[in-house]
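First the structure, in the form of structure tokens, and then the observations on it.
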Amino acid sequence: MSKKIGLIREGKVPIDRRTPLSPYQAKLVEERFGVKLVVQSSEIRCFLDEDYEKAGLAIVESVEDCDIILGVKEIPPENLVPRKTHLFFSHTIKKQAYNRKLLQAILEKKITLIDWETLVNENGDRVIAFGRWAGIIGAYNGLWAYGKRYNLFSSQRAYQCFNYEALKKEHFKIKLPNIKVVITGGGRVARGAMEVLHGVGIRKVTANDFLSKTFDEPVFAQLNSKDYHQRFDTGEFAQKEFYSNPELYKGDFLKYARKTDLLIASAFWNPSSPVLFTREDILQDGLRIKVIADITCDIGGSIPTTKRVSTIEDPIYDYNPVSDLIEKALTDDGNITVMAVDNLPCELPRDASETFGRELLSNVLPYLLGPDEEEMIKNATIAEKGHLTKKYSYLQNYVDGK
């Protein structure tokens with residue numbers, strides 16, 4: 001018997017207009033894999049119900065009779081369908097406290113949960129992600145925030161643009177003094193961020209030149225883990241060891257923080273890894289950073305200024321390092337302005353959804369709906385039939401509230 005797939009209506013608040021598959025891609029799923037795919041009616045999705053109907057797909061109110069349910073963001077617990085397979089970003093693998101009840105509900109309802117974030121190939125690289133778009137929009141928002149803080153230029157927000165091509169036209173409005181920008185990370189997010197900085201005309205320099213030279217134009221440096229971590233005992237860096245045993249390393253980011261005006265944080269952060277800097281560092285070392293675009297958006301993570309997420313409609317707030325409190329954006333020169341939107345790709349939902357859909361068709365569905373010889377799907381399955389799988393059993397204390 002062939003599988004039936006349901007494309008769910010996004011239920012998280014604030015709303016998310018993305019979808020795992022465009023109308024054309026959804027029809028391709030039916031044709032390529034011989035399955036039935038239905039689309040749950042939605043008034044917020046970036047593609048209209050009519051667009052899916054024109055592609056020959058059924059619009060439904062309920063997906064309860066589907067075997068596999070595809071979504072983007074966390075599904076509200078009350079919308080989970082018992083004993084079905086769900087694929088979405090659960091944001092639970094780091095034991096995020098705000099999603100404990102979600103994982104508890106998944107186990108109670110005996111749901112099979114496959115998290116998009118945990119789907120990786122044999123090299124450990126993610127096979128599907130919105131990372132490039134998070135980087136593109138996060139970097140753009142960081143530049144926009146810097147312009148707002150210093151009243152340098154006026155440009156449209158990304159979500160006000162129909163697509164990426166329209167957003168690129170806004171690049172010409174961005175005029176910056178000779179500031180220094182740092183991008184952390186080397187993956188999809190960082191590459192997306194660099195795409196924007198290059199598009200705006202900001203020149204890339206080496207980490208060494210960033211520290212030692214002055215420039216008469218805006219420049220940026222891209223920092224990988226080796227640039228701002230060192231072993232406690234030797235001061236050396238070994239990449240493989242760092243990723244497997246980050247507790248053996250200390251952070252060495254302050255030397256860059258003292259030279260940086262705008263930080264674009266794009267690196268995945270392991271809770272066992274060193275933080276970039278602390279509140280005490282801000283108070284004692286006189287860090288130069290005045291604007292932070294925290295694309296990673298880890299609350300209580302590597303950046304102390306990220307005290308809460310912000311929204312697309314209200315993307316920035318100020319952090320007061322003296323009081324350790326959030327204040328209204330752009331209220332005091334001594335504050336640090338923070339952009340911490342946690343659903344950045346939703347600002348360009350059509351482009352982001354189409355990219356995601358291409359990766360879903362090529363990199364995931366052949367293994368989800370066919371032989372999983374490399375066990376990619378198995379290794380990405382967090383829960384099954386009411387229990388955590390062996391790989392994710394470390395989450396049991398988190399589920400139990402301990």
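A few comments on the model shown:
- Residue 106 vs. criteria in a loop (DSSP other than H, G, I, E, B), closer than 29 Å to residue 269 by Cβ, in contact (Cβ under 8 Å) with a residue 24 or more places away in the chain and among the β-branched types (Val, Ile, Thr): no
Conditions tested, residue by residue: (1) polar (S, T, N, Q); (2) over 18 Å from residue 302 (Cβ atoms); (3) in a loop (DSSP other than H, G, I, E, B); (4) open to solvent by 60 Å² or more (accessible area, probe 1.4 Å).
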residue: 208; (1), (2), (3), (4): yes, yes, no, yes
residue: 214; (1), (2), (3), (4): yes, yes, yes, yes
residue: 221; (1), (2), (3), (4): no, no, no, no
residue: 233; (1), (2), (3), (4): no, yes, yes, yes
residue: 236; (1), (2), (3), (4): no, yes, yes, yes
residue: 241; (1), (2), (3), (4): no, yes, no, no
residue: 256; (1), (2), (3), (4): no, no, no, no
residue: 260; (1), (2), (3), (4): yes, no, yes, no
residue: 264; (1), (2), (3), (4): no, no, no, no
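- The selection criterion, being touching a residue at least 40 places away in the same chain (Cβ under 8 Å) and farther than 24 Å from residue 296 by Cα, holds for residue 67.
- Apart from one condition, residue 63 fits all of (1) open to solvent by less than 20 Å² (accessible area, probe 1.4 Å); (2) assigned to a loop (DSSP other than H, G, I, E, B); (3) modelled with pLDDT of 95 or more; (4) touching an Asp or Glu at 6+ places or on another chain (Cβ under 8 Å); the exception is (4).
- Criterion: free of Cβ contacts under 8 Å to residues at least 60 places away in the same chain, open to solvent by less than 40 Å² (accessible area, probe 1.4 Å) and within 26 Å of residue 72 (Cα to Cα) - qualifying residue of 340, 352, 380: 340
- Residues in region 1-60 that are open to solvent by 60 Å² or more (accessible area, probe 1.4 Å), of a type outside the set (Lys, Arg) and under 19 Å from residue 75 (Cα atoms): 13, 14, 15, 43.
- Considering region 118-128, the residues that are within 17 Å of residue 186 (Cα to Cα) and outside any loop (DSSP other than H, G, I, E, B) include one that is most open to solvent (accessible area, probe 1.4 Å), namely 126.
- Every residue from region 304-337 that is part of a loop (DSSP other than H, G, I, E, B), under 12 Å from residue 291 (Cβ atoms) and in contact with an Asp or Glu (Cβ under 7 Å, 6 or more places away or on another chain): 329, 330, 335
- Complete set of residues in region 180-204 that are farther than 18 Å from residue 125 by Cβ, open to solvent by less than 10 Å² (accessible area, probe 1.4 Å) and assigned to a helix (DSSP H, G or I): 193, 196, 197
- Restricting region 314-356 to residues that are acidic (Asp, Glu) and within 23 Å of residue 117 (Cβ to Cβ) leaves a set whose member that is nearest to the chain's Cα centre (by Cα) is 342.
The values are calculated or read from the model by the stated rules, or taken from the named source; none is laboratory data. Here the structure is a predicted model, which is why all the values come from computation and not from measurement. Neighbour counts run over all protein chains shown; Cβ positions are idealised from the backbone, glycine included. Each accessible area value is taken on the protein alone, full model and side chains, heavy atoms only, with ligands, DNA and RNA left out. Shrake-Rupley method; radii C 1.70, N 1.55, O 1.52, S 1.80 Å.
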